[in-house]
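Coordinate-derived values only; no laboratory data. Everything numeric in this text was worked out from a predicted model, so none of it was measured. When we count neighbours, we look across all protein chains shown, and the Cβ atoms used for this are built from the backbone with ideal geometry, even at glycine.
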Amino acid sequence: MSNESAESEFFASLYRFAWILLLREDMARKVVLDALGEVHVRTSHSHEDAERTQARLFQVVRQRALKANVAGTTPMASASSGWPIDAEPYLTAASASEIAAALHRTDEPGRSALALVLLDAVEVESMEKILGLSITQLAEATDRARAAVAQALRTSAEVKG
Amino acid sequence: MNFKNACAIVKCLGPGQLEDPDRLARAALKVASKSKEIGAAVENQKSLDTIAAEKIAVAVPDDLLSTMREIGEKLGEPAARSSATFRNPAFLVVALAFLAMVALVVWLTPSQLDGFPGVDEAVLLAEAGDVSQPSQFEALSATAGTLGDWFVMQGFDGFQVPSGFATHSVVGVRVFDFEGVKVAMAVVPENRSFFYVFPSLQLGIAPGESGSSRIVEYGPESAPRVLGISQFGDFCFMVTFEGDRRMMERFIRASEAR
């Protein structure tokens, strides 16, 4: 990790990933620091390329977050439809915390998949490895999560009136 | 790259990748854009993903970011330190002598060591399986030795377990892709274990055909896990659960004695 701003951006993405999975800043902070420590210990006797280390960090953060038992609860949309065509007003009107909460409540592995896509921090092949999914499964999970988040935001907007 | 795969890849591209695609993304976009419908869907995805991505880009506390960067810098240190040290001729002599000793030990007691080709890959596979969600498994009630047909129907040909493990009860099964290779996985209530079967060569995991199991401890200190792996023919059989080397040794001994 040589480029300073790229490095900061990567770490920011790692923290945001933990924050989405946990929705608690204190837990997200602990999880990313523990994950960095764990990966440091594990890679200190071997040389890994940066891409693999980055994927491993996301994988460890996810493992630790899932072990914290803060799993999604929103049933995934039954069809893999992606963002509905009329979702833009709900997304635009929603706050950061509302979108994060909608994403947080989405079922795994869609939640992690969509979070990784939106954070744009790792390549598609790395996402497959992090989540243990084939490209077809990854695409389906991501699209279902998009539909589930849109549905949650729509419901929330309707409740607010 | 076929059209179906290209569409799947495109659905997994974030806003930045759609804006500035790498080689794989460019190829996928080229193939997928042959359909006007997909083209419109990609525009919708890009536009709405961008809105969502901008919203969730919350600020990271400064102190946390600097701490992360401090630890992050250490991630690259060992290699740099090693390359400088290796230039020292005195170190080379000592290192060669040490390597000769290690080679002797490896030759004398291979079965006592954790190391085998693909050990890191085996740990990565185990970690990928550890975070499986219950919804990813098909529930059933069977014994491990009777699952061959089920896995064949799921496209995995060659599922078998060492004879001592065949009578273990299984309550869930799945087939998943790991680095493009199909892996069969079963949930075993005893010790809350996972059983895995996968082709050895394709993943470069070769614990050796001696028949004995290699045992590797992994995972965080707070929740240590252990894997036991053995090779039979072209396949590997792996067991994982939360615990340590001694627990795995006991589990394997008890299973083999069944």
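Distance between the modelled labels on B:Phe3 and A:Glu88, one decimal in nanometres: 2.8 nm (7 Å Cα→Cβ projection). With a 10 Å cut-off around each Cβ of B:7-20, the average count of Cβ atoms from other chains is 6. The residue among A:Thr142, B:Val173, B:Thr67 whose Cα reaches farthest toward the positive pole of the charge dipole of the protein assembly as shown, with charges on the beta-carbon of Lys, Arg, Asp and Glu, is B:Val173.
Coupling constants for region B:190-203 follow from the phi torsions by the Karplus curve (6.51 cos²θ - 1.76 cosθ + 1.60, θ = phi - 60°), and in residue order they are 4, 6, 6, 9, 10, 9, 10, 10, 7, x, 5, 5, 4, 9 Hz; glycine and proline get x. Take each complete run of DSSP H in chain A, measure how far its Cα atoms stretch along the helix's own axis, and keep only those covering 18 Å or more with mean Kyte-Doolittle hydropathy at least 0.5; list them. Once both thresholds are applied, what remains is A:4-22. For A:Leu119, neighbours were defined as the other residues whose beta-carbon sits under 13 Å from its Cβ, and their charges (Lys and Arg +1, Asp and Glu -1) total -1. Scanning residues 5 or more positions from B:Phe235 or on other chains, those with amide H under 5 Å from its amide H are B:Ser200, with H placed 1.01 Å from N in the peptide plane. Cross-link check: pairs A:Lys129/B:Lys36; B:Lys4/B:Lys30; A:Lys160/B:Lys11; A:Lys129/B:Lys74 evaluated at a Cα-Cα cut-off of 22 Å; pairs beyond the cut-off: A:Lys129/B:Lys36; A:Lys160/B:Lys11; A:Lys129/B:Lys74. Computed about its Cα centre, the charge dipole of the protein assembly as shown is approximately 480 debye, with only Lys, Arg, Asp and Glu carrying charge at their Cβ.
Fully extending the segment from B:Glu256 to B:Ala40, taken as 0.36 nm per residue of separation minus the present Cα-Cα distance, adds 71.9 nm.
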